[in-house]
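Below you'll find the structure, written out as structure tokens, and then a few comments.
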Amino acid sequence: FQQKRRLDFWTSVSRIEYTRHWGHLTITPQYKLMLLRLRDQERDTNLLSEIRSIPILRVEYPLMTRTSLRAGFQGIGPFSYRVKDDTADRNSYEQRTAFVTITNRSGYYGYELVTILGINKDQREYDTKFADARNFDSFSLFVRALVGFSDYGRPI
């Protein structure tokens, strides 16, 4: 009583990165491409079809043996973090993200304790003009503490 249907779900994540060291400074430009497609074969239509193009730049500088300063950007110069939704154009947007953190790793009763203090700035702008209410600029300060087992044999 239920009609047979075939849904094809395809997804792919590709990433390329190149790490460069200048003294203690580490610079890593990256590019990530994410593809997602859900296709209804019976109706010959795409239910979901999305492409994400994400240029990334990460910078890290150790301040002390267990403390480092990190900065990162998604969307650099004229190359923004871009989401293109072919099934619903109203969901297509450009985004730029920047963050700066100070990260400290230490041992705590056999666990690894990672404390991160940082700031984050996000800016998103949708392609369709009627969606102006969804555009946003945000700025946040955060503190995160993560506790877990340290890798076997790796000093903390």
> What does the charge count near residue 83 come to, summing +1 for each Lys or Arg and -1 for each Asp or Glu among other residues with Cβ under 10 Å from its Cβ?
Replying inline: 0
> Which whole number of Å³ per residue matches the convex hull of the alpha-carbon atoms in segment 30-71?
Replying inline: 87
>> Given points 7 Å out from each Cα along the Cα-Cβ axis, report the residue 13 to residue 28 separation in nanometres with one decimal.
In response: 1.4
> In whole angstrom, and with the biggest value first, how far do the Cα coordinates of the chain range along each principal axis?
Replying inline: 62, 40, 30
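Run the numbers for residue 128 and residue 104: contour at 0.36 nm per residue of separation, minus the present Cα-Cα distance, in nm. Don't skip to the end; give the middle numbers.
On the way: separation 24, 0.36 × 24 = 8.64 nm, distance 4.21 nm.
Length difference between fully extended and current span is 4.4 nm.
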>> Can you return the lysines within cross-link range of residue 129? Criterion is Cα-Cα under 23 Å, with same-chain partners fewer than 8 residues away left out.
In response: 84, 121
> residue 66: accessible area at probe 1.4 Å, nearest 10 Å²?
Replying inline: 120
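Contour minus end-to-end for residue 69 and residue 44, with contour as 0.36 nm per residue of separation and end-to-end as the Cα-Cα distance?
Numbers: separation 25, 0.36 × 25 = 9.00 nm, distance 5.04 nm.
Gain in length upon complete extension: 4.0 nm.
The values are calculated or read from the model by the stated rules, or taken from the named source; none is laboratory data. None of these values were measured; they are calculated from a predicted model. Cβ coordinates were reconstructed from backbone atoms using ideal geometry, including for glycine residues, and neighbour counts include every protein chain displayed. Heavy atoms of the whole protein, side chains included, go into the accessibility calculation; ligands, DNA and RNA do not. Shrake-Rupley method; radii C 1.70, N 1.55, O 1.52, S 1.80 Å.
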